[in-house]
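Nothing in this text is a laboratory measurement; each read-out follows from the coordinates by a stated rule. Just so it is clear, the model here is predicted, and its values are computed rather than measured. So basically every Cβ, Gly included, is an ideal-geometry build from the backbone, and we count neighbours across all protein chains shown.
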Amino acid sequence: MSGWIAALISGALMSIQGVFNTEVTDKTGPWITNVFVQLTGFFVCLALWFFKERKTTSFSDLLTVEPKYLLLGGVIGAFITVTVIAGMASLGPARAVMLIVSSQVIVAYLIEVFGIFGVEKVGFAWTKLLGTALFVAGIVLFKVQLKS
């Protein structure tokens, strides 16, 4: 699957999941919803691993991961879920996702520019900064409601 298609599917699924989780949270609570989301995700991943990768990978492979802070993805995922729920409940799906994506772009670019977390360092480019500024300007324009 090409990276473009995977990224587009990921974005669509994140938006749909955020709406679903926000609706479930209205009937339960953010942490119960988060437990359910992470637990069902765990079982899906476990089943997929069992049928697709168990012959080539094992859970003991996690012990070889260095640096160890890279294993915090699940912890971060729990906070991603609850903050997406809070953002969508407060701002609505479109605004929340635009702010989430703009934050992702800005932080990802900073990670690349400074070579944080072992990512290959790339040089600063004014065109990328301009692109990010245009993206944020688009969010501002989307937020502005014209009176008709």
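Observations, loosely collected:
- The Lys143 and Ile106 beta-carbon pair, evaluated with R₀ = 22 Å, returns a calculated FRET efficiency of approximately 0.80.
- The chain: most fluctuating residue of Gly77, Gly115, Gly87 per GNM, C-alpha cutoff 10 Å: Gly115
- Spacing of the two label points (7 Å from each Cα toward its C-beta) at Thr132 and Phe117, in nm: 1.5
- Spatially, segment 1-73 and segment 78-117 are offset by 17 Å when compared through their Cα centroids.
- Given their separation in residues at 0.36 nm each and the Cα-Cα distance between them, Val44 and Thr64 gain 4.8 nm when the chain is fully extended.
- Here's the picture: charge each Lys and Arg Cβ at +1 and each Asp and Glu Cβ at -1 in the chain, and of Tyr69, Ile32, Ala94 the one pushed furthest to the positive end of that dipole is Ala94.
- A simple rule links phi to the HN-Hα coupling: the Karplus curve 6.51 cos²θ - 1.76 cosθ + 1.60 with θ = phi - 60°, which for segment 89-98 gives 5, 8, 9, x, x, 5, 5, 4, 5, 4 Hz, with x for Gly and Pro.
- Global form of the chain, assessed from the alpha-carbon gyration tensor, a/c cut-off 1.5: oblate
- Segment 91-148 - percent relative contact order, Cα under 8 Å, separation 6 or more: 32
- Debye-sum result for segment 92-148 in log10 I(q)/I(0), which assumes one identical scatterer on each alpha carbon, at q = 0.12, 0.22, 0.23 Å⁻¹: -0.36, -0.86, -0.91
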